[in-house]
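The values are calculated or read from the model by the stated rules, or taken from the named source; none is laboratory data. The shown structure was predicted, so the numbers you read here are calculated from the model rather than taken from an experiment. Cβ atoms come from the backbone with ideal geometry, glycine included; neighbour counts cover every protein chain shown.
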Amino acid sequence: MAPDTLTAPLLPDLVRLAASPAGKQDAIGQAAQLLVAAGCIDPAYADSMLRREAVANTYLGHGVAIPHGMVEDRNMVRRNGIAVLQVPGGVEWNPGQTAHLVVAIAAQSDAHIGILRRLTRLMQDEARLSSLFTATDPALLIAALSEDQAAPVAGPGGDLAESFEWVVDYPTGLHARPASTWVETARSFAARIQVRHGDQVADAKALVSLLQLGLRAGDGIVVSAEGGDATAALARLKAVITRLSAQEKADAKAAALRARSAAQGWTPPGALPVVVGIGASPGLAIGPVHVLPPADLTVPDQPSPLINGGDRLHEALTLTRQHLKALADDTGRRLGAAEAGIFRAQAELLNDTDLITLACQLMVEGHGVAWSWHEAVERTAGSLSALNNPVLAARAADLRDVGQRVLARIDPSLRIGSIHDLPDQPCILVADDLSPSDTAGLDMSRVIGLATAQGGPTSHTAILARTLGLPAIVAGGKALLELADGTPAVLDGQGGRLHLDPGPADLESAGAWIARQAERKAREEERRGLPARTRDGHTVEIGANVNRPDQVPVALSQGAEGVGLMRTEFLFLERSDAPGEEEQYETYRAMLEALDGRPLIVRTLDIGGDKQVPHLQLPQEENPFLGVRGARLLLRQPDLLEPQLRALYRAAKQGGALSIMFPMITSLREVEALRAACDRIRAELDAPAVPLGIMVEVPAAAVQADMFARHVDFFSIGTNDLTQYALAIDRQHPDLAAEADSLHPAVLRLIRMTVEGAARHGRWVGVCGGIAGDPFGAALLTGLGVRELSMTPHDIPAVKDRLRDSDLSALQDLAARAIACETADAVRALDGGGAS
Ligand code: PEP
Ligand code: MG
């Protein structure tokens, strides 16, 4: 019997290259002819294919069409097969849709899903797909359409050509954050790379597949690769895998320390019923519990044409990835890299080809797009949970969370809203598990504590609760969910316990405990509240980098004396439309009010580079960091600049200490044009003058600082960008990140030039890039003459401590030695770790 081309490799005589059919009908006819000649179909099936076109759209997207016959004509299919007609010049399939590969499918049952699976995989590799449109070697097409990368060969003999062995030494096993770094690394190579544990093999480029290995500390694995760059890929992967060990061990140590301190929780005077979990975020909360009902989501199955469904899924995935990236960037800037990693790992889950393929298969079976996506997520999450490994169970929750984000994009009516329907009274929120998005978006005026049935101390809920300062316990088990709504309770986030039905004596004791903790906190805050004054009396102003009014109180409680950088692009990035003048005005006003007379430096929109705003539909940049970004974009788009300036001047008119700062300034012409816009709008509104400053992020601005100082009121150095432009290292480059050190002597020299240039005209210089929040960096910058440091609120106490323990003269000496160093490592080696 002839081989079945849906499961066996495609045969050369079923491929026709360089075809130029007269139209769609001709293309279908030619492809059908190939199937007839190979004995796959009766000639009449060609008509059936044409009839199908009248009732369904078989254009799959990305230049691929999949004509196939009517279901009732399956009897004309003699054996399963596919034929490929390559049309380099393209053939119009439908208005606006041009097919370059016509993949005609003859399938007796549901066997065509196999070919769709390959096609959907191929569609995620657009470069490879489009190369097939003009390939002159049929073998390339045959290989692309025949290989099924989903099933790497299992078994000890299944390793690829080159390999290395490694024993997992991550104390909590291979969980999603390190795994997503593995995947990112593997994906930067063309080689096929796999990870084997016993007889289980995973594709190193697919996160879910990797996680399904369920690797725990002590497990031995073999990482193997084959292909042109296999050797380099393995060397890099090995370096990345082992480098992550140190971080994983440090995290585990910190978790252990937290667990130890958990023993010091509150003990009630009476014997109360208690639910025991794991302390995840310290603090005591007294209040009624509110049990969140399990999210009851019924996704209706509304079939839609395949192509339409494919497009909707594609768009939803793209938008969700972009949103997660924005969320990760913002979280990284506000909270830190580890917290940002939560959202990066989530975005990685969306790149999982098995998941997407499964959703496509379900659509091809005739199900609706929302239903198919939801089902694919549920099946995949279900298989992760079934492995009975707590690490994987947590990832299942992540997958459901990220799946829900995509679902809400496919159909906004499917957004789960229960977390927002909280009682008016502050409550202890009890849930099976909370997703990172739920936790990050909690209404803090209504939720005083969290208790989840699932999760662990390193789960995302725990990490985010700690950063929000919200008492929390995790892993309380199902008993939690059986509590009656409104049960009075005392949540002990340190001891990991939820005490129920407290009596008056218990409440009094808990109240006293809270008061003692509050006193301790107040003492700590008082120290943070002291100025960053060196021992010899030099004061550095300390600002916070925050973007929203509700973040201001936290920043102030950490010791911020104002806001040194409000990144306004985040007003645009976290939503799907652009806020207008009125909404921006309200936000700036609320910022000024929250700051109550303290300084606020608002940076005008810095869009472009790493901050893409899809809904603005700006032209695609070849090289976004060197293209139209920041001030360059504002000057080209008055529709972005003017409403923002109007909103800012209107806010300034109501009082407060507002300054305006422009990003990515390179030349005087930009400053003059921006200043002219400010003057004109200010005059129109009869608003007060406010200080106008520029970001020094481009080496040109640092080198010409003395010139710029004549034209602006202050400088704030964006060391993140200044470093990337000075060292020519993309700030997001995974391999080069470690080399993009803002303490590189070349960057320090540019900072010194800026300070000297500014001083000639009596201007002050601040730094709002990441290095300002590094205690050693802050010490060096102070020694270089920087007057203001603005950072993530979280970093303020340590920076203040470092400066208060130093003498300016010693810092100046330190800066002089740093400038004279040859390398960034030599600069870092000057760090004595404490007093200077
Ligand atoms: C910088 O470049 O250092 C900076 C503060 O701006 P952003 O990180 O927003 O580009
Ligand atoms: Mg910048």
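Out of curiosity, is Leu743 more than 14 Å from ligand 2 (Cβ to nearest atom) and outside the structural domain of Ile241 (by TED's automatic domain parsing)? Answer is yes for this residue.
Being among the small types (Gly, Ala, Ser), touching a residue at least 40 places away in the same chain (Cβ under 8 Å) and within 11 Å of ligand 1 (Cβ to nearest atom) is true for just one of Gly770, Gly757. Which residue is that?
The conditions single out Gly770.
Checked against the criterion of being over 19 Å from Glu697 (Cα atoms), of a type in the set (A, V, I, L, M) and either away from ligand 2 (no atom under 16 Å from the Cβ) or not in a helix (DSSP H, G or I) (or both), the range 752-773 contains not a single residue that satisfies it. Evaluate the following for Glu365: is it of a type in the set (Asp, Glu), modelled with pLDDT of 80 or more and outside the structural domain of Glu53 (by TED's automatic domain parsing)? Judged against the criteria, Glu365 is not a match.
Just to be sure, is Pro691 at pLDDT 95 or above and farther than 24 Å from Gln612 by Cβ? So Pro691 passes the test. Checking each residue in the range 273-287 for being assigned to a loop (DSSP other than H, G, I, E, B), touching a Lys or Arg at 6+ places or on another chain (Cβ under 9 Å) and surrounded by fewer than 24 Cβ atoms within 10 Å (Cβ to Cβ) picks out only Pro282. A single member of Ala746, Ala779, Ala815, Ala798 is in contact with a Pro (Cβ under 7 Å, 6 or more places away or on another chain) and not acidic (Asp, Glu), and it is Ala798. Checked against the criterion of being out of contact with any Cys (no Cβ under 6 Å at 6 or more places or on another chain), away from ligand 2 (no atom under 16 Å from the Cβ) and either under 30 Å from Ala239 (Cβ atoms) or of a type outside the set (Phe, Trp, Tyr) (or both), the candidates Pro699, Pro691 yield just one match: Pro691. Among the residues making up the range 573-610, those that are closer than 19 Å to Met791 by Cα, within 16 Å of ligand 2 (Cβ to nearest atom) and not in a loop (DSSP other than H, G, I, E, B) are Ile601, Val602, Arg603. Counting only strands (runs of 3 or more DSSP E) that fall entirely inside the range 460-572 and contain at least 1 residues that are surrounded by fewer than 23 Cβ atoms within 10 Å (Cβ to Cβ) and away from ligand 2 (no atom under 16 Å from the Cβ), the qualifying elements are 488-492, 497-500, 539-545. If we scan the range 827-835, do we find a residue that is at positive phi and either more than 27 Å from the chain's Cα centre (by Cα) or in contact (Cβ under 8 Å) with a residue 24 or more places away in the chain (or both)? The answer is yes, given that some residue of the range 827-835 is at positive phi and either more than 27 Å from the chain's Cα centre (by Cα) or in contact (Cβ under 8 Å) with a residue 24 or more places away in the chain (or both). Listed by first and then second residue, the pairs linking a residue in the range 47-72 that is assigned by TED's automatic domain parsing to the domain that holds Ala106 and under 15 Å from Ile105 (Cβ atoms) to a residue that is assigned to a loop (DSSP other than H, G, I, E, B) and modelled with pLDDT of 80 or more, with Cβ atoms under 9 Å apart and 6 or more places separating them unless they lie on different chains, are Met49/Pro67; Leu50/Pro67; Arg52/Pro67; Glu53/Pro67; Thr58/Ile66; Thr58/Pro67; Tyr59/Ile66; Leu60/Ile66. Only one of Ala631, Ala590, Ala594, Ala555 is small (Gly, Ala, Ser), more than 20 Å from Pro775 (Cβ to Cβ) and within 16 Å of ligand 1 (Cβ to nearest atom); which? Selected residue: Ala631, the only one of Ala631, Ala590, Ala594, Ala555 that is small (Gly, Ala, Ser), more than 20 Å from Pro775 (Cβ to Cβ) and within 16 Å of ligand 1 (Cβ to nearest atom). Of all residues in the range 630-651, those that are over 31 Å from the mean Cα position of the chain (by Cα), buried (at least 21 other Cβ atoms within 10 Å of the Cβ) and farther than 27 Å from Ala705 by Cα total 1.
Within the range 624-663, how many residues turn out to be assigned to a loop (DSSP other than H, G, I, E, B) and away from ligand 2 (no atom under 16 Å from the Cβ)? Total meeting the criteria: 4. Looking only at residues in the range 116-132 that are surrounded by fewer than 18 Cβ atoms within 10 Å (Cβ to Cβ) and modelled with pLDDT of 80 or more, the one that is farthest from Pro88 (Cα to Cα) is Arg128.
Checked against (1) within 16 Å of ligand 1 (Cβ to nearest atom); (2) surrounded by fewer than 23 Cβ atoms within 10 Å (Cβ to Cβ); (3) under 27 Å from Thr320 (Cα atoms), Leu618 meets all criteria but (1). Among the residues of the range 704-736 satisfying the criterion of being within 16 Å of ligand 2 (Cβ to nearest atom) and among the aliphatic types (A, V, I, L, M), which is modelled with the lowest pLDDT? So the residue we want is Ile729.
Among the residues of the range 259-268, are any part of a helix (DSSP H, G or I), small (Gly, Ala, Ser) and modelled with pLDDT of 85 or more? No; the residues of the range 259-268 include none that is part of a helix (DSSP H, G or I), small (Gly, Ala, Ser) and modelled with pLDDT of 85 or more.
Consider the range 67-115. How many of its residues are among the small types (Gly, Ala, Ser) and at pLDDT below 80?
5
So, Asp741, is that one over 28 Å from Val554 (Cα atoms), out of contact with any helix residue (DSSP H, G or I) (no Cβ under 9 Å at 6 or more places or on another chain) and not hydroxyl-bearing (Ser, Thr, Tyr) or not? The answer is no for Asp741. Of Ala381, Ala393, Ala328, all but one fail to be modelled with pLDDT under 80, within 25 Å of Ile278 (Cα to Cα) and part of a helix (DSSP H, G or I); the exception is Ala393.
Would you point out which residue out of Arg680, Arg646, Arg650, Arg669 is away from ligand 1 (no atom under 16 Å from the Cβ) and farther than 22 Å from Glu583 by Cα?
Arg669
Within the set Ala726, Ala705, the sole residue that is in contact (Cβ under 8 Å) with a residue 40 or more places away in the chain, of a type in the set (Gly, Ala, Ser) and either within 17 Å of Val786 (Cβ to Cβ) or more than 13 Å from ligand 1 (Cβ to nearest atom) (or both) turns out to be Ala705. Taking residues in the range 235-246 that are within 13 Å of Ser188 (Cβ to Cβ), and partners anywhere that are part of a helix (DSSP H, G or I), the pairs with Cβ atoms closer than 7 Å and at least 6 places apart or on different chains are Arg236/Thr185; Leu237/Trp182; Leu237/Thr185; Leu237/Ala186; Val240/Thr181; Val240/Trp182; Val240/Thr185. Just so you know, in the range 714-723 the residues that are farther than 14 Å from Met753 by Cα and either among the hydroxyl-bearing types (Ser, Thr, Tyr) or surrounded by fewer than 23 Cβ atoms within 10 Å (Cβ to Cβ) (or both) include one that is farthest from ligand 1 (Cβ to nearest atom), and it is Phe714.
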